[in-house]
1. Taking the options Asp132, Asp118, Asp153, name whichever one is surrounded by fewer than 18 Cβ atoms within 10 Å (Cβ to Cβ), assigned by TED's automatic domain parsing to the domain that holds Ile74, modelled with pLDDT under 95 and touching a Gly at 6+ places or on another chain (Cβ under 6 Å).
2. Which of the residues spanning region 143-185 are under 18 Å from Pro90 (Cβ atoms) and of a type in the set (A, V, I, L, M, F, W, C)?
3. Going residue by residue through region 88-106, is there one that turns out to be at pLDDT 90 or above and in contact with a Gly (Cβ under 7 Å, 6 or more places away or on another chain)?
Amino acid sequence: MKQLTVVITLLTAFCFLLAMGLPCQATDNTVYVCKNNITGKPRLVNSSSKCNAKEYLVMLTPATDHYQELAFSINSGESYSFALPKVQAPVRIEVSFSLLNGGTETPSEIMYAVVNQDQQSGQMTWIGTNSDGSQLGSNSTVNTQIASIGGGDTVLEVDSLENGTVKMTQGSSSIAGHYIVHLWY
């Protein structure tokens, strides 16, 4: 994730310096990055069609008006971490999921949570809503699972309190899961 942040920061600075030159990002301000399935090494591309079979796509939109969207794929048994915005307020996380196989996940393909990280203790607290509609309120001193899709096959959970990150972990599905995450803060 640190490499990806550096790439995006450098890209933004480069685009600013080249304000009179060619566009550096897609017209919708989305940055497209292909990440290697094994090493995780990011590679900046100019559209979603540039990833090869050994990579998965990460689409990043700039954080504007207290909103950010992430789109990514996760293979079976793998995880994808992302940082919560560093704000002294709860962050709403909305996750939609698809296997892109034409089917519909039962009971639903969405989960969401409201998560807060206390700036002094570093602990996270949340209320998570699973894809079956059940809810759980908890905190990082007791638990790490925030919410799930598919009866727990795909889980949103605390990743690193120190870095303020959470992660999506996909379980035993044989097909890569495709996710869109909306962060509101």
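1. Numbers: Asp132 fails: touching a Gly at 6+ places or on another chain (Cβ under 6 Å); Asp118 fails: touching a Gly at 6+ places or on another chain (Cβ under 6 Å).
Step by step, each of Asp132, Asp118, Asp153 is checked, and only Asp153 is surrounded by fewer than 18 Cβ atoms within 10 Å (Cβ to Cβ), assigned by TED's automatic domain parsing to the domain that holds Ile74, modelled with pLDDT under 95 and touching a Gly at 6+ places or on another chain (Cβ under 6 Å).
2. Ile146, Ala147, Leu156, Val158, Leu161, Val166, Val181, Leu183, Trp184
3. Quick first cut of region 88-106, residues at pLDDT 90 or above only: 89-96.
Pick out the ones that are also in contact with a Gly (Cβ under 7 Å, 6 or more places away or on another chain) and you get none.
No.
The values are calculated or read from the model by the stated rules, or taken from the named source; none is laboratory data. None of the values given here were measured: they were computed from a predicted structure. Ideal geometry is used to build each Cβ from the backbone, glycine not excepted, and the neighbour counts take in all protein chains shown.
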